[in-house]
1. Among the residues of the range 278-302, how many are within 18 Å of the chain's Cα centre (by Cα) and not in a helix (DSSP H, G or I)?
2. Identify all residues within the range 312-353 that are free of Cβ contacts under 8 Å to residues at least 60 places away in the same chain and touching a Cys at 6+ places or on another chain (Cβ under 7 Å); write none if there are none.
3. Do you know which of the residues in the range 332-345 that are in a loop (DSSP other than H, G, I, E, B) and either in contact with a helix residue (DSSP H, G or I) (Cβ under 6 Å, 6 or more places away or on another chain) or crowded, with 16+ Cβ neighbours inside 10 Å (or both) is modelled with the highest pLDDT?
4. Quick one: Ser131 ticks every box in (1) under 20 Å from Gln364 (Cβ atoms); (2) among the polar types (S, T, N, Q); (3) within 17 Å of the chain's Cα centre (by Cα) except a single one, so which number is it?
5. Looking for something over 18 Å from the mean Cα position of the chain (by Cα) and outside any helix (DSSP H, G or I) - is there at least one such residue anywhere in the range 207-221?
6. Being among the basic types (Lys, Arg), more than 19 Å from Tyr348 (Cβ to Cβ) and in a loop (DSSP other than H, G, I, E, B), is that true of even one residue in the range 312-330?
7. Among the residues of the range 234-259, write down those that are among the hydrophobic types (A, V, I, L, M, F, W, C) and either crowded, with 16+ Cβ neighbours inside 10 Å or touching a Pro at 6+ places or on another chain (Cβ under 7 Å) (or both).
8. Which of (1) surrounded by 24 or more Cβ atoms within 10 Å (Cβ to Cβ); (2) at pLDDT 95 or above does Ala313 not meet, given it meets every other one?
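The values are calculated or read from the model by the stated rules, or taken from the named source; none is laboratory data. All of these numbers come straight from a predicted model, not from anything done at the bench. FYI the Cβ positions are ideal-geometry reconstructions off the backbone, even for glycines, and counts take in every protein chain you see.
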Amino acid sequence: MDQWPLLYRQIGLYKHRLSPKPIFDLILIISISGFIVSCQRGPYRIAIGYDSFPVPVAPSYADPASWAALPDRQDAADSIPAGAPVQDGQKQATADVFFIHPTIYTGKPQGPSAWNADVADAVMNKWVDQSTILNQASVFNGSCRVFAPRYRQAHYYSFLTKNKADKEKALELAYEDVKAAFLYYMNHHNRDAAGKARPIIIAAHSQGTVHARRLLAEFFDDKPLKQQLIVAYLVGIATPADIFKTIPAGEAPDQTGCFVSWNTFSRNYVPAYYTDGLNKALCTNPLTWSSSDKYAEYSLNKGGVGPKFNLLASPADAQVHDGLLWIGRLHVPGAALLRTKIWHRADYNLFWMNIRENVAQRIQAYRLQAMK
């Protein structure tokens, strides 16, 4: 089944129209301010085909500027939420995360290229850093060295166009970069001081998850490299439990060599695009780390991240419902006035501390298994 309608509807949630005070402050609570990427009323539509535009220059991953996050320099992935009792542990980390960010390229193209972002675009890079790298990639810095490539991400309209060729070309170019970045990481960063291969976590959101699934299929699934895979966090895109041959869906918080996935919605809400893929998707509850439909109460939530990158105490509960992750009313000020049904932008933020602790738990389990 073609899942692109589901993908573009979800990716579209990274943008919204600014609202007047005081409602604007409430929207920030649920949208996460770093994810506001434009003030347009609707997505920008590219009127000319892919082949009519020049392709942005390919990044060189030997150049640190081609990375949104690297462990040996200061960047947004090093950040710790205000009030969080945790630290950046990248210097001591024994595992690595390769993080693939979601679509931030949604507005009117400002350069000669259109269908794919230019990794030299300073404005775009700032949005990437202040949104997804800050709010999502940072969750891994307690136990992993964080590697997050900049890549020629496909424009939002790639998921709206009816021209299949344009869509596929834009996505293929984006994946070429992700693949090149991963190969550079493997060849230059994956060995420790003693020359031993380091265990790996693959993590992504939205468009990033589309590329992460291809990466896992090409390099890990039924391949020797699977022995280095701790876990894959494939968040924000409907992903079937049986998508891989040898990488199973995770059903326990300390399971390794597996993947987890979820898409967050308000309780009792079923989106119109449910049958585009969510009805057949794995849904992992990030408060219990299983696909059981058992309700997980607010007290199990160790903390989320708010609009000012501040720690929120137990902001959400969670329950799996037929491929959807349902949450009740947020435990945040003004929640009674919120009418949001689709929480795509907050898939990581609402469960930030639980994800962080789970990363450490799975790394420890992997180490213990390796010692046997």
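1. If we filter the range 278-302 for residues that are within 18 Å of the chain's Cα centre (by Cα), which is where we start, we get 278, 281-287, 289.
With the extra rule that they be not in a helix (DSSP H, G or I), the set shrinks to 281-287, 289.
Number of matching residues: 8.
2. So in the range 312-353, the residues free of Cβ contacts under 8 Å to residues at least 60 places away in the same chain come out as 312-322, 329, 331, 336, 339.
Result: Val320, single match.
3. So the first thing to find is which residues in the range 332-345 are in a loop (DSSP other than H, G, I, E, B), and the list is 332-334, 338-341, 343.
This time we only want the ones that are either in contact with a helix residue (DSSP H, G or I) (Cβ under 6 Å, 6 or more places away or on another chain) or crowded, with 16+ Cβ neighbours inside 10 Å (or both), so: 332, 334, 338, 340, 343.
Working: Val332: 90, Gly334: 84, Leu338: 84, Thr340: 92, Trp343: 96.
If we take residues in the range 332-345 being in a loop (DSSP other than H, G, I, E, B) and either in contact with a helix residue (DSSP H, G or I) (Cβ under 6 Å, 6 or more places away or on another chain) or crowded, with 16+ Cβ neighbours inside 10 Å (or both), then Trp343 is modelled with the highest pLDDT.
4. Status for Ser131: all satisfied but (1).
5. Quick first cut of the range 207-221, residues over 18 Å from the mean Cα position of the chain (by Cα) only: 218-221.
After this cut, where a residue has to be outside any helix (DSSP H, G or I) as well, the list is 220-221.
Taking every residue of the range 207-221 in turn, at least one turns out to be over 18 Å from the mean Cα position of the chain (by Cα) and outside any helix (DSSP H, G or I).
6. yes
7. Here is the first cut: in the range 234-259, the residues among the hydrophobic types (A, V, I, L, M, F, W, C) are 234-235, 237-238, 241, 243-244, 247, 249, 252, 258-259.
Within the range 234-259, Leu234, Val235, Ile237, Ala238, Ala241, Ile243, Phe244, Ile247, Ala249, Cys258, Phe259 qualify.
8. For Ala313, the failing item is (1).
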